[in-house]
Structures are given as C-alpha cells and as structure tokens.
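Notes to accompany the following structure.
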Amino acid sequence: MKVNTLFFRKSIVAATGLFLCLFLIVHLSANCLLLLPEQAARGMYNAYSTWLRENPLIKVVAYALYLSIIVHVVYALLVTIRNRKAKPVSYAVNHTEANSSWASQNMGLIGLSILIFIVIHLANFWARIKLGLGADVGVDAAGNKDVYEVTYALFHNIYFVLFYSLLMIPLGLHLHHGLKSAFKTLGFYHKRGLEVLARISLIYAAVIAAGFGIIPFVVYFK
Amino acid sequence: MTLNAKIPEGRLEDKWRNYQTQSRLINPANKKKLHVIVVGSGLSGAGAAATLAELGYDVQCFCYQDSARRAHSVAAQGGINAAKNYQHDGDSVWRMFYDTLKGGDFRSREANTYRLAELSAPLIDHFTQQGVPFAREYGGVLVNRSFGGVQVQRTFYARGQTGQQLLLAAYSQLYKMVRMKKVSLFTRHEMLDLVLVDGKAKGIIARDLVSGALKRFAADAVVLATGGYSRVFRLSTLAIGCNGSAIWKAHKRGAFFAAPSFTQIHPTALPQSSEAQSKLTLMSESLRNDGRIWVPKQTDDPRAANDIPEEERDYYLERRYPSFGNLAPRDIASRAAKERIDAGFGVGRLKNAVYLDFKHAIERFGINTIQDRYGNLFDMYKKITGIDAYREPMQISPAAHFSMGGLWVDYELMTTIPGLYAVGECNFSDHGANRLGANSLLQASVDGYFILPNTINNYLAAALNKEQVSTDHPAFKQVEVEVKQHIDRILAIQGTKTVDHFHRELGKVMWQECAMSRNRAGLERAIAQIKQIRADFWSDVKVTGHSDELNTELEKALRLADFIELGILMCTDALQREESCGAHFREEFQTPDGEAVRVDDLYAYVSAWEYDQGDFKLHKEVLDFEFVQPSVRSYK
Amino acid sequence: MKVTFKIWRQDKPQAKGAFKEYQVDELTEDMSFLEALDHLNERLVLRGEKVIAYEYDCREGICGQCGVFINGRAHGPHPNITTCQLHMRSFKDGDTIVVEPWRANAFPIVKDLIVDRSAFDRIIEQGAYISAKTGTAPEANAILIGKAIADRAMDAAACIGCGACVATCKNSSAALFTAAKINHLNSLPQGKPEAHQRVLDMTAQMEREGFGHCSFTGACEVECPAGISIANIAEMNARQGKAQLLG
Ligand SMILES: Cc1cc2nc3c(=O)[nH]c(=O)nc-3n(C[C@H](O)[C@H](O)[C@H](O)COP(=O)(O)OP(=O)(O)OC[C@H]3O[C@@H](n4cnc5c(N)ncnc54)[C@H](O)[C@@H]3O)c2cc1C
Ligand code: FES
C-alpha cells in the first residue's frame, strides 16, 4: 500500500527524535561522572568510555544512533522543503507569538544550530578518540584512553565552555517542542495524557539542557 | 387559469402513499439519460441533488458561494422538529400536523402539512444514519427540547448548530455523488434567468462569478432551491448574499408567486446598533425555553437591568399569554415586543430592545446546565455585544427572518411552469401565514430528500422519449442576450449613489410598512415609495468595475434590482389581504385588546400572483379544510 | 473613529499584487470589521474606483466564508473568532490595519482578499460521508450512542471550513481541518464500516493538494473559530497508523 508522505516523513522524524531523546538521557547520566572530584571522575569516566567503545552491543546502538541523526536531519529537511513549498509567500505582518511558541515556529533553524553543534562536538571528541585525528590522546593510570583529559582541556578554553553551554539553549527548546510533538505525531491523543506529556516535556528539556549546560562550567572551575 | 394543487385522493393519512403508488416510474437505466438542474445547495438543494443523483439522474447543482457547505441553512441554530414521540408526551403525526396548520393560522394546505409531519420521523432516522451528532442522553438515546408554539417536546438538535450539522451531512452526501460523477457542481455560479422552451422549463443562464462569463445550462427539469428572500428588508437574520433573484426571474417568466407578503419577523435577534449595520444576528429561539422576556414597567427607565426589582418588571408575554408565556409563537412574540417598544418601554441604547433574562433559570438549574444548553449562544452574544449574559439579561429585538411566501407549488412541488420545481424556503407550501420554529429545516430537508425525488419522475417520465433541447436552442441565446443587456444597462448608469444606499432605502420602507404590522395607507405609501426607489436606482446607481470579472458590487446591484420589484409585490399582496392572519397583521383587523382578526369566509385562500408586464394579477387557490375545522388561534 | 487600512490588492490570480493604503473615517466602534470595509467600498465606488473584493456570507461566524489576515493574525487580534465577528472596538483611533489574503499554495488568490479554498471540498469528496443512500436508514434510536461519544463527535464536527488553520500554519497544513472531519465520523458507530478507507483517502487528497506537514505549533487551534482542539490531529495520526496497518 502507498504510504502517505505527510505522515510517513513526520513519523520518521518523530521516531528518530524520540530515540535521540533516550540517548541524551544516557549521555547526560554518563557526563554526570564529570561532576565527581577530579581523581574519581578521571578514572570512572575513562573506564566507562572504554567499556562503551568495546561493548559489541553498544557498537550496534552507536550505528543506530548515527543513522538516527542522519535520518532525522534528512527527513526534517524533506519536511521543511515541502512546508516551504506549501507556503510560498509569507505575510507582510505575522504575529506568530500570539498563537504559538517561538521554538515551534523555528524548529528548522534551531535544528540547524544543533546540527552545527553536533558537528563541532564530534570533531572535538569522536574524531580524536575514535578516528585518531588530531593530537594523540594519552592513557590514564588504568591504561584507558584519557578521554577525561580531552574534556578537561577543552573545557578550560572559555570559548568552548560558552559555546557548549549556550548551545544547550536551542537544544532545550528543540527538545521541549520536539518531545511533545513527536508523541502527537505518533498518534498519542489521550486528553489528560497530553497535559501530562506537556509537563514531562518541559521537565525533560530543562533537565537535559541545564545538565549539559552546567558541566562545562563545573569542569572549567575545577 | 385555475390553480390545481393536485391533491391526491383519500384520507389524509393515505394521500402520500396513494400518490406514490400512482405516480409514474422511470426505469433506472433511463434515468441517467435525464438531466436535472438544481439551483441551490442548502438543505433542500443539496438533499435533492444528492438523492436525485443516487436514483440515477444526471444532476447539475449550483450555488453562489465558494462552497456548497456555506448555504444559509448552515446558520440555523435551534433544531428540527419530528413527530417521534420519544418523550412520551402525547405527540403524534396528527398533533404535529395540527400544530403546524394552526401555527400557520390555517393558511396552508392540509395535505402538504400532513405530509410534512408524516415524513418528519424518517428524516431524523436519515440524518442520524448520515452521522449527524444530535444531542443525546447519557443512556445514548436522542434528546428533545421544546420550541415556540407547541406544548410537546419534539425538537431534535445538535448543540446550537443544528443547521450546520444537517447541512454538512447533506453537503457531504452531495460530494459523495460528485465523486461518483453523478453530480456536476458549479460553485460561484449565480442563476440570473430561466430558459423556457415551448412553455417548459429547460435550463438556466448563470453567471460565473469569478470570470463574469454568462453560461447556458440545459436540462429536462429545473429545481429551484434558493432559500429565503428576507434580505428585501436589508437588515435580517439572513446571509448577505441571500437573494430573491432566481425565483423572481422565474416569476417573471410565468411562475406564480404565492403569499409574497407572509414574512416571519423573529422575536429574538440582536438589536440594530448603527446605520451601517449589515446584518442582525439571531439568538436561537430555544433561549425562550429558559429565558424570560420582560421590559421595565416604567417608560424610559434609566436603571440598569439588574437594578430593576422584580415587581417593577413587566413579563408581558407571561401576562398576556398565560398558557404559552415565553413560548408563544414567533409572530405573537414579535408583535408583543414591537408593541412594548413602540409604547416607549424599549431598553438599550437605541431603546429598540427588550430583555431576555436567565436569572431565574440559572437559580433553578445551576449555571452548568444553562452553559450546557446554550453555552455557544452566550459566547456568541458576548463576542458581538461584549456583554456577559450569565450576569445580566440579553437585549433582543425583532428581525426579519423567514419567507413563508415563495413560488406557488402544487402537491408535487411543481410551479405553474411545467418542469420547474421549487423546494425549501423559496416555495410557498407548508407554513401558511407563520412558520413554527424548527419546522423549516424539516421542510427544506423533506422537500429535497423525500418529496421531490418521488414526484419529479411523474413529469420526467413523459420527457424521456422527447428530443432533448441543447444550449444551442435559440431560446437560450435570446435569454442570454436579455441578461447581458440587463447587466450592461446597470453598468452604464454611472450615477451618484451606491447600491447599498438604495438597499438601505428599500429596507427602511419595507420595515416600516410591510413588517410586523401593516395598514392600507402605509402600504399604499410604500408602493409609491418603492416605485420611486426603483426609478432612482435605474437612473442614479453607480457600479464600478466590469461585467467580465469578479465584481461583488455588480452582484449586489443585480440582486437589489430584483428585490426592489419583489418589494412592490409584497406590499401589493399585503394590501390585498384585508384580514390579520399569522405574521400578517393588518392594523385595521384587530380586537380591542390587540389580537388578530382572521376573516375566513373571504380570505381562506392562498394568493398566487401572476406577473403581467410589470403588473401583478391575483389568482386564488381556495383552501378546503376537509379534515380540521379552522379555529381561532389562541395562545392565551 | 479613523483608521488607515493597508490592503492587499491583486486583480487576477496571476497578476502581481501590492498593498494599497486607504484612510477611512466616520467609523464607529459598534461597526463590525467587515462593515468598515463595506463603508470603505462605498467611498471607493463614489470615487469611481473598483471595490475591494473580500468574502463573507452569513456574517455571524458559522458559514466560514469570511477570512482574512488582519494585523498579522488569521481573523484578527482575538483568538477563536471569525473575521465577521471582529468589531472596530478592537482597534484604536488612528490605527493602521494591515489586511492580507490567506497565504497558502493550496489556496491560490482569486482576487484581492479572496482565495480559492476548493481544496477543502476535494478532501471532503474523498470520503467525509457515510455511504448510505437516502431512504435506507434504520430507526434513529436503534443504535445507542453514549453522550460522551456524541459530544466528542460534535466537538470535532463544529469546524466551519474557513481555512484559518491553513492560513495561520507556517506549513499551510490542513491537518486540523481534515482531522476534525475524520474524527467526527470515525468516532460514531455509523462511520465505522468505512473508517479506515476514509482516513486513507482523505489524507491522500490532503497530500495531493499540496498542504504542508503538521508540526504542532498549535497556532491553528488558537485561531480556529470553532475551537477545534489540536488533539484531533494526534487522534487522526493514530487512526492513520491503524488504517495503514489494518486497512
Ligand atoms: C439565522 C437563522 C436561523 C434559523 N434557525 C432555524 C431553526 O433553528 N430551525 C429551523 O427549522 N429553521 C431555521 N431557520 C430557517 C431555515 O434555516 C431555512 O429556512 C432553511 O435552511 C432554508 O433552506 P434552503 O435549502 O431552502 O435554502 P438555503 O440553505 O438558504 O440555500 C440556498 C441556496 O441557494 C443558492 N442560491 C441562492 N440564490 C442563488 C442564485 N441566484 N443562483 C445560484 N444559487 C443560488 C445558495 O448559494 C444556497 O446554496 C433559520 C434561518 C435563519 C436565517
Ligand atoms: S461571514 Fe460567515 S463566518 Fe464570517
């Protein structure tokens, strides 16, 4: 049977988005290790990242993750293109603030800033640690790659600290709108449930954005 | 010419069945060779077009709006009557028939009125099946409410949007047939004239409102379903585009116009607040179920409504009509309001309104119940006036609302032109001199869904093997030329006054002299004044733009030109009828305490006017009351 | 009161349009917004100019024919009303009021402020009905429908088809319109037999007409004169999923 692109594309964006939301929880929990005192943080953080790199199951998940990001972006792009075509002329005056949130009106733009962030983020870590590009990564006392050191060095550059923290604002906005929207896109319509969902989305987005946003500062002041 | 209503033989209960068993049938394979034009996509038009198409006819349907869903049936709020007797309160087909006949002050045909009541119950079944979300009890059965003029609860409703829900069902059914390629729908097309060939209705000339082009459409029969013409008063509860043009043009081509002056003035509309006003919004009559109508006992009372104590309020309907009280029929309630307002007891800024108060109902049932029943009406009131009616009484005022008059039709809904039918509000059939609330959605639907599809075959059977006329026939060409000349004439005037100016003038005269109460001197004056307006219009109107483009001003001008002529006929009809009946109240014919005096031995007929080169010739269809005895209509 | 209207004028679908300014005085606060435009049009006629084309019919908020973008909002500054229900008391003396037609690829401009919304009708055509013929209905009370279900169906059925949802949506999505109709019919027992096909066909037409995706900005439910809840779209999505899998 023919699938309806209006639903199909949005469902793909929603499903990949939800998967990425799950991932962010795991990511943040791991990053919380950075909040521990210097010694403990270094050891546990490095051990954890080594485990991640070597666990075959995580490898599969990692590929799913890369794929999700790509698919999320590509489909969001397709959606945006169609949406632009659907509204070829915009209004001379348009007070969208009176009927909707700024984030919901600008998900594409916000998404783009997050994409740029991800590229830089990957260059900072993934490229160095996994692909071995750039300066060599040392090993810690336990023989694990010293990922902690990479983080520590990065977050002692105030520009990176600011970049990493500030970009959590669009992330928060994206998650806040994206999470509730994804559930609705996938057909969740229970009336009370939607009210709860709205609250959960807010809490979730705030925790993720604040959590990721604080860490660079904590490391900076270590 | 003697008017033959073609009432079938037999007892009232048997007439419709007898008719159906005797009318001619058409083989399904042949129906698709027959073409029917339906002008109008309201409940009557959409219902007829969809049902005729289901039966196999090839149908072309027209409306002037951008979509069939916008026909003014959409605006009906209150409900639709049916003799289901779900409330076990003694209702029956007979009682509904009698209420309708009595409500119309015995100026309609028994057989038609009976058929209306008889077909009401299956109509509710039909709409329920079509997915109309009628109001329901917790247990799942349908709910009823009561409506003016009757003592049983037989009104079905869908919140405050009954007309909308019924129309959307009809519109959807129409689109189902569009999808099946059985109906061709022409939106934004306005019928400007009727084409006759050998005295039979064979087509129409319509203007494509977007391109301005005149187009010809031919068929074996033409059905008019163009709704009411109360916009002749300019200020009314009707939509701005509602017009009398289609039926007026048919009238000028030979269709008799019946009881044109029978116009219902609705008691519960919002009062006019300025000269520029274009429309009077109706507040559903159902509000009278729980609201109480009053004015202060003292004239020009300066106090706010809530500051006036109980004993200084005059609940005049309850006082004058103790058994029906606030549920007195519309004509009576309107006239009573006019009487109080004229006597100086009116309220509101222009002193042209009366109060409709929910205080007692809220005390009795609680605000939630009232909200549940009328929430959207209270919201609407607030949007328009800015006033919260849960806290202070609404201000209401009478407004022109419904045309009982219309093209004369026989029992088969055929006009005096063979092959031309009229259904819904644009015909004169079942409501007599006054229509009961919630009876006209019923009439429009029953006409379109049940009656016409069972009568048109009787005519079309004969058309089957005749040669069909095409739009190349000279008659089409000639009518098209006439229409074009008419349009060009209007555009050529380039005078100094706008169309709206003339419409306001016409409206004032009509409202003053031909609305709730009428008298000889006033009507004679009105006829002279309207003739003057007509002369001025044709010499001094200014319409800009061209005929070959979308031109809303031209559309208005064409409609007004017909309204002006119709206004003259309405006054002529009112002048002729020297009695008071239903909505027609002649001041010369009233009792000392102001009640109507009906004159049955002279006026128990339907006036049917023939157009005669600018003049009107009266024909009478005498009403035989075989089964009921006309009584004095009392709601005391 | 006196205001300046800045109004989009466009003679034909393909013509290039532009804003034109008009000073209008002698207005009163009781006038409706459309009556103010009527008033302006009368002045234009007297000056020998072509009138501004805009739509309306019932002027009481139910037919759905009126609808323009007023000062950056569909149907003007208030939520949940139609253009014809807007009154001049919502503006101040001396205001400039910018009036634009609905903007959407699927709603091409016909003239000035009038757009073509027949795409909605074509969505309806694809199944917003119960295919039972006149004369085949069972007794109305034979099928019981609980009040809650009937009320919910009515909530969805209240849509007036004005197009404000599409107009205000940054994606010109027709999801609210389509969802309202689907949910009305599919939630009633009468609509069940054709439920899946209805969803598939109507949404397919929505796609063909060139409307955008719904991204749940929620603007539509704020501007919708009938107050149709956006939860309807989520419900339609659920029905869509079910229909794709089962239908
Ligand atoms: C505000 C209001 C509230 C009402 N409330 C109730 C109520 O609660 N209960 C009740 O029973 N009745 C009520 N009525 C009366 C009832 O709604 C109407 O009598 C009935 O709906 C008329 O239906 P119709 O099909 O005859 O005409 P309409 O629904 O008016 O349809 C007329 C059709 O004809 C078309 N048309 C007209 N002229 C032309 C032309 N020249 N060329 C082409 N097409 C044309 C229009 O486009 C439209 O499609 C109410 C009426 C009003 C005004
Ligand atoms: S004119 Fe009918 S809704 Fe505004």
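No value in this document is a laboratory result; all are computed from the given coordinates. Note that the structure is a prediction, hence the values are computed from the model and not measured. Methodologically, a virtual Cβ is constructed for each residue, glycine included, from the backbone with ideal geometry; neighbour enumeration extends over all protein chains shown.
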Review point. If amide H atoms are built 1.01 Å from N in the plane of the peptide, which residues on other chains or at least 5 residues away come under 5 Å of the amide H of B:Ser236?
Key: B:Leu280
Practice item. Take the Cα gyration tensor of chain A, multiply each eigenvalue by 5, square-root it, and list the three semi-axes largest first, rounded to whole angstrom. Key: 35, 19, 17
Check your understanding: Roughly what percent of Cα-Cα pairs across chain C reach past 34 Å?
Key -> 25 percent
**Study point:** Contact order normalised by residue count of chain B, Cα under 8 Å, 6+ apart, percent
**Key:** 20 percent
Practice item. Please go through the stretch B:117-211 and write out the trypsin sites (Lys or Arg not before Pro) that DSSP classes as loop and that have at most 11 other C-beta atoms within 10 Å. Key: B:Lys181
Check your understanding: Can you give the FRET efficiency for B:Lys32 and B:Ser547, using 1/(1 + (r/R0)^6), R0 = 41 Å, r = Cβ-Cβ distance, to the nearest 0.05?
Key -> 0.70
Review point. In whole percent, what relative contact order does the stretch B:474-601 give with Cα contacts below 8 Å and a gap of six or more residues?
Key: 29 percent
Exercise for review: Would you kindly derive the ³J(HN,Hα) couplings of the stretch B:103-118 from the backbone phi angles with the Karplus curve 6.51 cos²θ - 1.76 cosθ + 1.60 (θ = phi - 60°), listing them in order in whole Hz, with x for Gly and Pro?
Suggested key: x, x, 6, 6, 10, 10, 6, 4, 5, 5, 5, 5, 4, 4, 5, 5
Review point. If you look at just the Cα atoms of the stretch B:526-636, how large are its Rg and its Dmax in Å?
Key: 19.5, 58
**Study point:** Per principal axis, descending, Cα span of the stretch B:268-401 in whole Å
**Key:** 37, 36, 29
Study note, to complete from the structure: Too long for a 29 Å Cα-Cα cut-off, among A:Lys87/C:Lys192; B:Lys200/B:Lys531; B:Lys202/B:Lys620; B:Lys84/B:Lys338; B:Lys15/C:Lys181, are A:Lys87/C:Lys192; B:Lys200/B:Lys531; B:Lys84/B:Lys338; B:Lys15/C:Lys181
Point to revise | Hz values of 3J(HN,Hα) by residue in the stretch B:83-94 - Karplus curve (6.51, -1.76, 1.60), Gly and Pro given as x | key: 7, 8, 6, 5, 8, 6, 10, x, 7, 6, 4, 4
Study note, to complete from the structure: Percent of all Cα-Cα pairs per 10 Å bin for the stretch B:327-391, counting from 0 up to the last occupied bin, reads 19, 37, 39, 5
Review point. On a 0 to 90 degree scale, rounded to 10, what angle separates helix B:120-129 from the longest Cα axis of chain B?
Key: 80 degrees
Check your understanding: Taking every pair of alpha-carbon atoms in the stretch C:3-110, what share in percent sits in each 5 Å bin, from 0 to the bin with the longest distance?
Key -> 2, 12, 22, 27, 21, 12, 4, 0
Point to revise | Between 0 and 90°, nearest 10: helix C:33-46 axis offset from chain C longest Cα axis | key: 50 degrees
Review point. What chymotrypsin sites (Phe, Trp or Tyr not before Pro) in the stretch B:91-179 are in a loop by DSSP, with at most 13 other Cβ atoms within 10 Å of the Cβ?
Key: B:Tyr138
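Quick check on the stretch B:13-126: take the gyration tensor over C-alpha atoms, sort the square-rooted eigenvalues as a ≥ b ≥ c, and tell me if it's rounded (a/c under 1.5), prolate or oblate.
Working: a/c = 2.21, a/b = 1.37, b/c = 1.61.
Taking the square roots of the gyration eigenvalues as a ≥ b ≥ c, the stretch B:13-126 is oblate.
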Check your understanding: With contacts defined as alpha carbon pairs under 8 Å and 6 or more residues apart, what's the relative contact order of the stretch C:101-187 in percent?
Key -> 31 percent
Review point. How are the Cα pair distances of chain B distributed, in percent, across 20 Å bins from 0?
Key: 20, 56, 23, 1
Review point. Amide H to amide H, which residues 5 or more places from B:Asp193 or on other chains are under 5 Å from it, using H placed in the peptide plane?
Key: B:Ile205
Practice item. Give the long-range amide H neighbours of B:Val223: residues separated by 5 or more places, or on another chain, with amide H under 5 Å away, using H modelled in the peptide plane at 1.01 Å from N. Key: B:Ile37, B:Val38, B:Val39, B:Tyr421
Revision key, fill the gap. Expressed in Å to one decimal, the Kirkwood Rh of the stretch B:474-601 from all distinct alpha-carbon pairs is 16.5 Å
Review point. So for the protein assembly as shown, taking the charge dipole from beta-carbon charges (+1 Lys/Arg, -1 Asp/Glu), which of B:Asn18, B:Val38, B:Trp609 sits furthest toward the positive end?
Key: B:Val38
Practice item. Using only Cα atoms, find the angle between the long axis of helix B:452-463 and the longest principal axis of chain B, and express it within 0 to 90 degrees, rounded to the nearest 10. Key: 20 degrees
Check your understanding: What is the projected area of the convex hull of the Cα atoms of the protein assembly as shown, averaged over all directions, in nm²?
Key -> 48.1 nm²
Review point. ³J(HN,Hα) across the stretch B:340-352 via Karplus (A = 6.51, B = -1.76, C = 1.60, θ = phi - 60°), whole Hz, x for Gly/Pro?
Key: 5, 5, 4, 7, x, 9, x, 10, x, 4, 9, 6, 10
